[in-house]
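Enquirer: The structure's right below; bear with me while I get my questions together.
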Amino acid sequence: MASKRATTENLLAVLVLYEQGSYGAAADTLERDSGTVRYHLAAAREAYTDDLLVYDNGKWRTTTTGLRVLEIARKARALHDDLRGIDATGPNGGTAEDAA
């Protein structure tokens, strides 16, 4: 078990890095810089005391731990997207634009 917890932002960065294939592409998707993506990968690695992704022959590959973490990250992203949809809805079911 992890002695330190990875944040949702760490998990999402690892997921996007895996999906996009490079630090630069992940940074563009996340609207961050590549150093921040590297930081999140390192923070997640530290939290789980294991590599989550390894770069092999020009492609990111998951480790056993990484596969489990990516499954959790996908759930976190879906929850984040669902909550963003609720946040965009006003108290009476209308959007924030409808209220203006």
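Enquirer: Pull out the extension gain between Ile72 and Arg84, defined as 0.36 nm times the separation in residues minus the alpha carbon to alpha carbon distance; nm, one decimal.
Expert: Gain on stretching Ile72 to Arg84: 2.5 nm.
Enquirer: Could you tell me what percent of the accessible area of the chain is made up of carbon and sulfur, with a 1.4 Å probe and every protein chain present?
Expert: Carbon-and-sulfur percentage of accessible area, whole number: 50.
Enquirer: Write down the accessible area per residue of the chain in Å², having rolled a 1.4 Å probe over the full set of protein chains.
Expert: Solvent-accessible surface per residue comes out at 68 Å².
Enquirer: Quickly rank 49-61, 27-39 as a protection proxy: mean count of other C-beta atoms within 10 Å, highest first.
Expert: With the highest mean Cβ count within 10 Å placed first, the list reads 27-39, 49-61.
Enquirer: Turning to a different aspect of this structure: Looking at the square roots a ≥ b ≥ c of the eigenvalues of the Cα gyration tensor of the range 21-69, which shape do they give, rounded for a/c under 1.5, prolate if a/b is larger than b/c, or oblate?
Expert: oblate
Enquirer: I need the calculated FRET efficiency for the pair Lys4 and Asp28, taking r as the beta carbon distance and R₀ as 41 Å, to the nearest 0.05.
Expert: For R0 = 41 Å, the calculated efficiency reads 0.90.
Enquirer: Which of Ala88, Ala47, Ala26 ends up with the largest GNM mean-square fluctuation for the chain, with Cα atoms connected below 10 Å?
Expert: Ala88
The values are calculated or read from the model by the stated rules, or taken from the named source; none is laboratory data. Owing to the predicted nature of the structure, the values given are computational and were not obtained by experimental measurement. Cβ: placed from backbone, ideal geometry, glycine included. Neighbour counts: every protein chain shown. Surface areas here come from the heavy atoms of the whole protein model, side chains and all, with no ligands, DNA or RNA. Shrake-Rupley method; radii C 1.70, N 1.55, O 1.52, S 1.80 Å.
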